[in-house]
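Data first, discussion second: the structure below is written as structure tokens.
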Amino acid sequence: MKMILIGENIVKSYGLGVEKRKILDGVSIEIEEGDFVSVMGPSGSGKSTLMYALSGMEAIDEGRVVFDEGDLSELGEDQLADLRSIKMGFVFQQPTLMKNLNILDNIILPSMRHNRKNTSNITEKARELMKKVGIEDLENRDITQVSGGQLQRAGICRALMSNPKMIFGDEPTGALNSKSAQEIMNILSDINKEGTTLMLVTHDAKVAAQSERILFMKDGKILSEMRLGKFIEEDMEDRFKKVTEKIQEIGI
Ligand SMILES: Nc1ncnc2c1ncn2[C@@H]1O[C@H](COP(=O)(O)OP(=O)(O)OP(=O)(O)O)[C@@H](O)[C@H]1O
């Protein structure tokens, strides 16, 4: 299987002089195309920083990141921005949508940067995605007129507009009630089943239990890894138990 993402010995510090703190302390990671990886760990352990380092959002101090066979250190800022907007998709806890635009326009806005001429194709694609995630009737709504779960669905549509190879999710279900959270997880799982690689940072054992692999981080290092294999709904209870036991065992 082809590796979509390789991180080798990543070191990243924040701050200067006596304030300098190592946030990633020699992290190595390999993610196969089509994989679904969750990252768990205590608050401040470096999970989000790892995600930003792997997606080229944050420069690293040492080590190497290779995404889709390209070394990120060889790319300039503009090339990195292009890579992120074409081959990667991002879903955050709270989607950052524009208040003065309706849901549809928010979804298509980032795609206009690359494809100004073909707006009808872009709109068609956005409507197709909105249908897929069940918000097709909300395109004219203001972002203040929809629920948190609906807003997150719009965020997912926006992330999928460029058919990215990989989706990075930083607590994508963190702000949602458990029903909406599971609905978002079902959407993300379906996207993964269709071949998109998925990496999620989460505090939620139920979310992590639905992934194929879990990386457990502490103090800027990957402490251990759990391989759960492809998610099967019937195994949820077992998987959840395994994850919670591991969390207790390693004390995170
Ligand atoms: N831009 C920054 N400048 C300085 N320090 C930062 C910066 N971003 C993150 N940090 C610090 O790095 C550490 C790791 O942050 P990070 O967000 O990666 O942790 P996390 O494991 O994702 O935590 P959480 O679960 O709370 O989101 C924290 O102590 C944080 O305060």
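All of the numbers you see were taken from the coordinates with simple rules; none came from a lab. What you see is a predicted model; the values in this text were computed from it and never measured. Positions of Cβ are generated from backbone atoms using ideal geometry, with glycine treated the same way; all protein chains shown enter the neighbour counts.
List the trypsin sites (Lys or Arg not before Pro) within the stretch 19-80 that DSSP assigns to loop and that have no more than 11 neighbouring Cβ atoms inside 10 Å.
Numbers: sites: 20, 21, 22, 47, 64; in loops: 20.
For trypsin sites (Lys or Arg not before Pro) across the stretch 19-80 that sit outside H, G, I, E and B with at most 11 neighbouring Cβ atoms in 10 Å, the list reads 20.
When the chain is modelled as a GNM with alpha-carbon springs shorter than 10 Å, which of 109, 200, 50 fluctuates the most?
Among 109, 200, 50, the largest GNM mean-square fluctuation belongs to 109.
Under a straight-distance cross-link criterion of Cα-Cα below 20 Å, which aspartates and glutamates are reachable from residue 242, leaving out those fewer than 8 residues away in the same chain?
Cα-Cα hits under 20 Å: 35, 204, 212, 225, 233, 234.
Check cross-link reach from residue 246 to the lysines: straight Cα distance under 22 Å, and skip same-chain residues fewer than eight apart.
List returned: 47, 206, 218, 221, 230.
Can you give the charge dipole size of the stretch 54-180 about its Cα centre, rounded to the nearest 20 debye, using +1 on the beta carbon of Lys and Arg and -1 on the beta carbon of Asp and Glu?
It comes to approximately 720 debye.
Which order do 133, 18, 207 fall in if you start with the one that has the fewest other Cβ atoms within 10 Å?
Working: 133 22, 18 6, 207 25.
By the 10 Å Cβ count, ascending, the order reads 18, 133, 207.
Could you pull out the trypsin sites (Lys or Arg not before Pro) across the stretch 128-182 that fall in loop regions by DSSP (anything but H, G, I, E, B) with no more than 13 other Cβ atoms inside 10 Å? Mind dumping the intermediate values first?
Details: sites: 131, 132, 141, 153, 158, 165, 179; in loops: 141, 165.
Those that pass, being in a loop and sparsely packed, number zero.
Using Cα-Cα distances under 8 Å and only pairs 6 or more residues apart, what relative contact order does the stretch 3-250 have, in percent? Walk me through the intermediate numbers first.
Values: 440 pairs, mean separation 65.7, N = 248.
Computed value for the stretch 3-250: 27 percent relative contact order.
Find the centroid of the Cα atoms in the stretch 110-183 and in the stretch 1-78, then give the distance between the two in whole Å.
Rounded to whole Å, the Cα centres lie 26 Å apart.
Provide, for q = 0.08, 0.11, 0.16 Å⁻¹, the log10 of I(q)/I(0) from a solvent-free Debye sum over equal Cα point scatterers in the chain.
Debye curve over Cα of the chain, log10 I(q)/I(0) at q = 0.08, 0.11, 0.16 Å⁻¹: -0.31, -0.60, -1.23.
Mind checking which of 137, 190, 82 has the largest fluctuation in a GNM of the chain, springs on alpha carbons under 10 Å?
137
Select from 129, 160, 101 the residue whose mean-square fluctuation is largest in a Gaussian network model of the chain (Cα-Cα springs shorter than 10 Å).
101
Is there a quick way to get the dipole size of the chain? I mean about its Cα centre, with the Cβ of Lys and Arg at +1 and of Asp and Glu at -1; what is the value in debye to the nearest 20? Spell out each step's value before the answer.
Working: 33 positive and 40 negative charges, 93 e Å.
Here the chain has a charge dipole of around 440 debye.
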